[in-house]
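The values are calculated or read from the model by the stated rules, or taken from the named source; none is laboratory data. These numbers were taken from a predicted model, which means no experiment stands behind them. Neighbour counts run over all protein chains shown; Cβ positions are idealised from the backbone, glycine included.
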Amino acid sequence: MADALDERAPSSDEIDGLVERIQGSLGRLVTIAIAGNAGTDREAALLIERACDLHSVTVPGGYWKAVGHLRRLGWVTNDLMEHLSETRLIDFSV
């Protein structure tokens, strides 16, 4: 996520790989949220919906549109991860 959300935009050669990695992480977080019944929580449900919407979209053409898509994926991944941590569905204390 740091590479996607960094002040410096990634190169065009990096975008597809970053999108793929973030989509994988986001998919795992959505699975955890659904398995933990986080979908009954309004905030989690909205994040899951945003995640699914973004996951279903192909990377748009054009460098800056692709960067925008990548950053939206990064933000929803970050927000869902924080929410799942706050609700104790995931634990980073290890």
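Residue by residue through the range 30-51, note down the ones that are among the hydrophobic types (A, V, I, L, M, F, W, C) and either assigned to a loop (DSSP other than H, G, I, E, B) or touching a residue at least 24 places away in the same chain (Cβ under 8 Å) (or both). First the steps, then the outcome.
Just the residues of the range 30-51 that are among the hydrophobic types (A, V, I, L, M, F, W, C), to begin with: 30, 32-35, 38, 44-48, 51.
Correct list: VAL30, ILE32, ALA33, ALA38, ALA44, LEU47, ILE48, ALA51.
Among the residues of the range 27-46, is any touching a Lys or Arg at 6+ places or on another chain (Cβ under 9 Å) and of a type in the set (Asp, Glu)?
no
Answer yes or no: is there a residue in the range 55-64 that is on the phi < 0 side of the Ramachandran plot and modelled with pLDDT of 95 or more. Give the steps one after another, and end with the answer.
Initial filter on the range 55-64 (on the phi < 0 side of the Ramachandran plot): 55-61, 63-64.
So of that shortlist, the ones also modelled with pLDDT of 95 or more come out as 63-64.
Yes, the range 55-64 contains at least one residue that is on the phi < 0 side of the Ramachandran plot and modelled with pLDDT of 95 or more.
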